[in-house]
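Chemist: Structure incoming, see below.
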Number of protein chains: 2
Amino acid sequence: MQPREFPRLERAPAYKLVYDAIEKQIFSGALKVGDPLPAETLLAEQFGVNRSTVREGIRLLEQSGLVEREGAKRPRIAIPHYLELASSASRALILATITFRELWEASSLVEPMMAEIAARNISDADLKRLAANIAEMEEAIRLIEAREIFDIDDFVGLDREFHEILAQASGNRVLILSHEPITKLFIPAGRIILPRLGTYRRVLDAHRFIHERLAARDPDGARTWMRRHMNDFRKGYELTGFDLDLPLDAARLGLA
Amino acid sequence: MQPREFPRLERAPAYKLVYDAIEKQIFSGALKVGDPLPAETLLAEQFGVNRSTVREGIRLLEQSGLVEREGAKRPRIAIPHYLELASSASRALILATITFRELWEASSLVEPMMAEIAARNISDADLKRLAANIAEMEEAIRLIEAREIFDIDDFVGLDREFHEILAQASGNRVLILSHEPITKLFIPAGRIILPRLGTYRRVLDAHRFIHERLAARDPDGARTWMRRHMNDFRKGYELTGFDLDLPLDAARLGLA
DNA sequence: AATTGTCGGCTTGTCGGACAATTCTGGACA
DNA sequence: TGTCCAGAATTGTCCGACAAGCCGACAATT
């Protein structure tokens, strides 16, 4: 034992240093959201490293959500969509084991509460967005019933959007963050339930009632209808015959 | 309005495909947690792309937390700690704008609910962990009062840990995910309030009561005490004289 | 005038090869 | 059996190169 352990000095690889340097510039405000990243050759020159190294650093930024790439354009600085990219990976892993019961329990606690808060704070603009969402869902159902196009993802996406708008209407970004995992997990669950039962119109009706209570600025009413909506959610799942404690993706696979 | 919008076709770059392919193998279980990633040259050969391309894909995996690198060793497959992950980026940005009011509103909705669920499901092991946490906090306060060591981060960390254990005690991973942003944001808030007021013992007492109600499996009692605890949280902040609608980091800077 | 086609410069995506530094591995040796 | 070391394997970094894609400008067409 040496009298004094040196804290094992860690030489971060150059690509990590590139990442750190650019991240720092973003946080400091030197690089603003929407700005394009400087060209790779330029960065390589400035940092004094090879372009390949710069590119590896940029990949880190990309996955962290700090820059967004669209085609082969210059990547642009972006605000990471909260937890979106961050744990897209972890969420997928979690998905493998989370059960419908967990999702439903969480939903039936959080969603009604969210509806209540939203009813207090919702803006006219958000009410309009909800109305538009409902109209779109109406159209989607019309198409489904006419057996024209049938894209379940469209419908589930609309459903998810409805609940997301509601969260945003709460005007509380911490709540929005808390709410995010639920909407994310809801998608696979919706894909299981809806096509098997075809209860599209029932979902739409619930959304209509909720919207109507929100427009009336009626917190209790909004909460009540949301609770019913969540109970329907569970009943729907039970009717599929799957075990409540089955992991979501097992159920999904069982369906496919 | 076109009759039918084409879904803009996207050709992902090769490094992204590499990422997707490896990710898929991880999720499918072909690559297990702890396994080392195959060598870059081997991967390049198998995928039929250049090693540089493979490396860029690996950087994406790295930042997503799916692989961990230690020195220049072979990266190993890992389960992303959804707590620590890329939120370092998002957290810093979010922190810049979220206000204490938002945090408190969210906390006083979510935490009592969490306490209630936890009281129903908590295991003896988690009760012990809470007891240990309380003991540690007791010791920390003793040190503070004796003016020996004074590390506010220690105390805030213990406080956060208490609430995290509570979330885990709920046994619902969706709720744990929902709860995560709150505990995260709580740290800077706690750093503002506690040193200015020195209400350490009041926090400890609240935790004691909550623990006692949890041990008694009393959901109502646990919820009630948690609500009081949250009210204290707000009162504490108000006593600092900062505006409730001030962004947390502005308040933090105002203190420093 | 507005739209479409073409051109050239710039940047990204990908490739091949190369080498030093570090890590791993198997066998020699105590 | 346990330790040590040389060589193999692997990562980190560099260099140079080229096709493909994006962008603005300008010419051609309707």
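Chemist: Restricting the calculation to Cα positions, tell me the Rg (one decimal) and the Dmax (whole number) of the stretch B:146-222 in Å.
Modeler: 13.8, 41
Chemist: Ranked highest first by the average count of other Cβ atoms within 10 Å around their residues, in what order do A:231-242, B:162-173 fall?
Modeler: Numbers: A:231-242: 16.3, B:162-173: 22.3.
Sorting A:231-242, B:162-173 by mean packing, highest first, produces B:162-173, A:231-242.
Chemist: Considering Cα pairs under 8 angstrom that are at least six residues apart, work out the relative contact order of the stretch A:156-256 and quote it in whole percent. List each step's numbers first, then the result.
Modeler: Details: 52 pairs, mean separation 29.2, N = 101.
It comes to 29 percent, rounded to a whole number.
Chemist: So how do B:S178, B:S123 line up by other beta-carbon neighbours within 10 Å, fewest first? All intermediate terms of the calculation are to be shown ahead of the outcome.
Modeler: On the way: B:S178 26, B:S123 11.
Lowest count first: B:S123, B:S178.
Chemist: Counting partner chain Cβ atoms within 10 Å of every residue's Cβ in A:179-192, what's the average?
Modeler: Other-chain Cβ atoms within 10 Å of each residue's Cβ, averaged: 2.
Chemist: While we're here: Indicate the gyration tensor shape class of the stretch B:105-151 (rounded, prolate or oblate), computed on the Cα atoms with a ≥ b ≥ c the square roots of the eigenvalues: a/c under 1.5 is rounded; otherwise a/b larger than b/c is prolate and the rest oblate. Write out the running numbers ahead of the final one.
Modeler: Values: a/c = 5.19, a/b = 1.70, b/c = 3.05.
Oblate, since a/c reaches 1.5 and b/c is not below a/b.
Chemist: Still on this model: If each label sits 7 angstrom from Cα along the C-beta direction, how far apart, in nm, is A:A12 from its counterparts in the other copies?
Modeler: Listed shortest first, these distances are 2.7 nm.
Chemist: With each label point set 7 Å from Cα along the Cα-Cβ vector, what nm distance links A:S52 and B:R202?
Modeler: Simple spin-label model gives 6.0 nm for this pair.
Chemist: Just the ratio, please: alpha-carbon radius of gyration of the stretch B:120-256 over 2.2 N^0.38 Å, N its number of residues.
Modeler: On the way: Rg = 15.1 Å, N = 137, 2.2 N^0.38 = 14.3 Å.
Against the empirical 2.2 N^0.38 Å value, I get 1.06 for the stretch B:120-256.
Chemist: What does the average come to when, for each residue of peptide B:54-64, you count the partner chain Cβ atoms lying within 10 Å of its Cβ?
Modeler: Working: counts 0, 6, 8, 1, 2, 12, 7, 3, 7, 13, 10.
Mean inter-chain Cβ contacts per residue within 10 Å come to 6.
Chemist: If we count other beta carbons within 10 Å of each Cβ, what is the order of A:E139, B:E138, fewest first? All intermediate terms of the calculation are to be shown ahead of the outcome.
Modeler: Details: A:E139 12, B:E138 16.
Starting with the residue having the fewest Cβ neighbours, the order is A:E139, B:E138.
No lab work stands behind these numbers, since they all come straight from the coordinates. None of the values given here were measured: they were computed from a predicted structure. Cβ coordinates were reconstructed from backbone atoms using ideal geometry, including for glycine residues, and neighbour counts include every protein chain displayed.
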